[in-house]
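Asker: Attaching a single structure in structure tokens format; questions to follow.
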Amino acid sequence: MLNSRRLTVGAGAVLVLSLAVLPRAVAWRLPGHNQGFAPGQPIAFSHRLHAGDLGITCQYCHFGADRSRYAGIPPVQVCLNCHRYVNPNDSPEIQKLYDAAGLGDDMNRDPAKRLQPVAWVRVHELPSFVRFDHSRHVVAGVNCRECHGPVERMDRIRQTATLAMGMCVNCHRRVNRTGVNGRAVHASLDCGVCHY
Ligand code: HEC
Ligand code: HEC
Ligand code: HEC
Ligand code: HEC
Ligand code: HEC
């Protein structure tokens, strides 16, 4: 799979570096690169409802995706754009949003309440020796679905991809041949582009 003739001096140094951090990284990531990981979350937020049925676009909430490395998890204020008004049957799940934002019964900030960001559990996470940038992919026209699967059909988020090196490199090879949405791209295969 790896073509050793590609290894330059710089790449060799990266490889050594990568290997140096490997034991720790591998220890908690095995087995299977966390594919299928779908942890419970502190609030029963459903992508199927919000991104599917209600049709809210991904970037309404993940507004970093086309402008930074991180797609980002939305702050509670984004939820409150709607849930300040929408609270079906005094839902205990929606109450958690009001608590997080320190809102009182009158929907104003209650100084007696502590602000507490929602402690969402992280699902996708590359090892720290890998460099990944959302904006490069999203701006080039790669759909979220290519790496995250049919999120709009998931009640609870699940990691559908392996996020292994082979997945990245295979796609980079493919898009260099086919382009993305009819546009030519250059997705690098250099070790140093993906590795610190
Ligand atoms: C209404 C806001 C909202 C919309 C719309 C939304 N998301 Fe999310 N997304 C969240 C929140 C909140 C979380 C963290 C809680 C969770 O994992 O369910 C999250 C988590 C995720 C994660 C997992 C993050 C991690 O920890 O690895 C992915 C991937 C994701 N969303 C992709 C998408 C995609 C793709 C779409 C569009 C099809 C989308 N989201 C639409 C709010 C939203
Ligand atoms: C664009 C409007 C909108 C935004 C933004 C939004 N929601 Fe919702 N949400 C709704 C609607 C509409 C419902 C369904 C209400 C119903 O069942 O009548 C809902 C339902 C829910 C429910 C289910 C409540 C229950 O007990 O039935 C939860 C939990 C929830 N949203 C959490 C969130 C979170 C967390 C965010 C921010 C990450 C968020 N929502 C952002 C519109 C929104
Ligand atoms: C080329 C693959 C790829 C594409 C396309 C992609 N993602 Fe991701 N996403 C990842 C990887 C890999 C991670 C883990 C990144 C890390 O650990 O630094 C991730 C992490 C996330 C997270 C967790 C928080 C963060 O920013 O790290 C969210 C939310 C997310 N993606 C949403 C989206 C949305 C929404 C889109 C489309 C607008 C999208 N992603 C497109 C691969 C992708
Ligand atoms: C679905 C196809 C696809 C997958 C999967 C994918 N990429 Fe990419 N990648 C691209 C495209 C397309 C570009 C943008 C090329 C351009 O802008 O011309 C890109 C660009 C990049 C860049 C910027 C390259 C540069 O020259 O600066 C990095 C870094 C990168 N990808 C890392 C990753 C990593 C790490 C993974 C796996 C976690 C991954 N990619 C998975 C298609 C993909
Ligand atoms: C397009 C991005 C990309 C490119 C190019 C790339 N890698 Fe990787 N590499 C990754 C990702 C992502 C991982 C993490 C996989 C995981 O979680 O185990 C990784 C992991 C590794 C590991 C750890 C062992 C393993 O397989 O998990 C080594 C060593 C490594 N890469 C060396 C290299 C070398 C040498 C090159 C150049 C020939 C290279 N990589 C090019 C994305 C890339």
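Asker: Would you be able to tell me the number of residues in the stretch 70-84 that are under 30 Å from VAL139 (Cβ atoms), in a loop (DSSP other than H, G, I, E, B) and open to solvent by 70 Å² or more (accessible area, probe 1.4 Å)?
Answerer: 2
Asker: I'd like to know if the stretch 70-77 contains one or more residues that are of a type in the set (Gly, Ala, Ser) and under 28 Å from TYR196 (Cβ atoms).
Answerer: yes
Asker: Let me ask something else about it. Among the residues of the stretch 31-69, which ones are assigned to a helix (DSSP H, G or I), within 24 Å of PRO117 (Cα to Cα) and open to solvent by less than 60 Å² (accessible area, probe 1.4 Å)?
Answerer: Within the stretch 31-69, HIS47, HIS50, ALA51, CYS61 qualify.
Asker: Can you name the condition, by its number, that LEU17 falls short on among (1) at pLDDT 95 or above; (2) farther than 23 Å from GLN116 by Cα; (3) of a type outside the set (Lys, Arg); (4) open to solvent by 80 Å² or more (accessible area, probe 1.4 Å)?
Answerer: (1)
Asker: Out of the residues in the stretch 113-129 that are hydrophobic (A, V, I, L, M, F, W, C) and surrounded by fewer than 13 Cβ atoms within 10 Å (Cβ to Cβ), state the one that is farthest from ALA161 (Cα to Cα).
Answerer: LEU115
Asker: Now, a different point. Residue check, ARG136 against (1) under 19 Å from the mean Cα position of the chain (by Cα); (2) of a type outside the set (A, V, I, L, M, F, W, C); (3) open to solvent by less than 80 Å² (accessible area, probe 1.4 Å), all met but one. Which one?
Answerer: Looking at each condition in turn, ARG136 falls short on (3).
Asker: Which residue, of GLY102, GLY141, GLY149, is without any contact (Cβ under 8 Å) to a residue 40 or more places away in the chain and over 25 Å from ARG84 (Cα atoms)?
Answerer: GLY149
Asker: Oh, and also: HIS172 is checked against (1) near ligand 3 (Cβ under 9 Å from one of its atoms); (2) surrounded by 17 or more Cβ atoms within 10 Å (Cβ to Cβ) and fails just one. What number does that condition carry?
Answerer: That leaves (1) as the condition not met.
Asker: Since GLY141 meets every condition but one in (1) of a type outside the set (Lys, Arg); (2) open to solvent by less than 40 Å² (accessible area, probe 1.4 Å); (3) assigned to a helix (DSSP H, G or I), which condition does it not meet?
Answerer: Only one criterion is unmet by GLY141, namely (3).
Residue-wise test of (1) near ligand 1 (Cβ under 10 Å from one of its atoms); (2) in contact (Cβ under 8 Å) with a residue 60 or more places away in the chain.
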position	(1), (2)
LYS96	no, no
ARG109	no, no
ALA112	no, no
VAL118	yes, yes
PRO127	no, yes
VAL130	no, yes
ASP133	no, yes
ARG136	no, no
ARG145	yes, no
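Asker: Could you please find all residues in the stretch 85-112 being open to solvent by 90 Å² or more (accessible area, probe 1.4 Å) and closer than 19 Å to ILE56 by Cβ?
Answerer: Within the stretch 85-112, just TYR85 meets the criteria.
The values are calculated or read from the model by the stated rules, or taken from the named source; none is laboratory data. Everything quoted here is computed from the prediction, not taken from an experiment. Note that each Cβ is placed from the backbone with ideal geometry, even for glycine, and that neighbours are counted across all protein chains shown. The accessibility values were calculated without ligands, DNA or RNA, using every heavy atom of the protein model including side chains. Shrake-Rupley method; radii C 1.70, N 1.55, O 1.52, S 1.80 Å.
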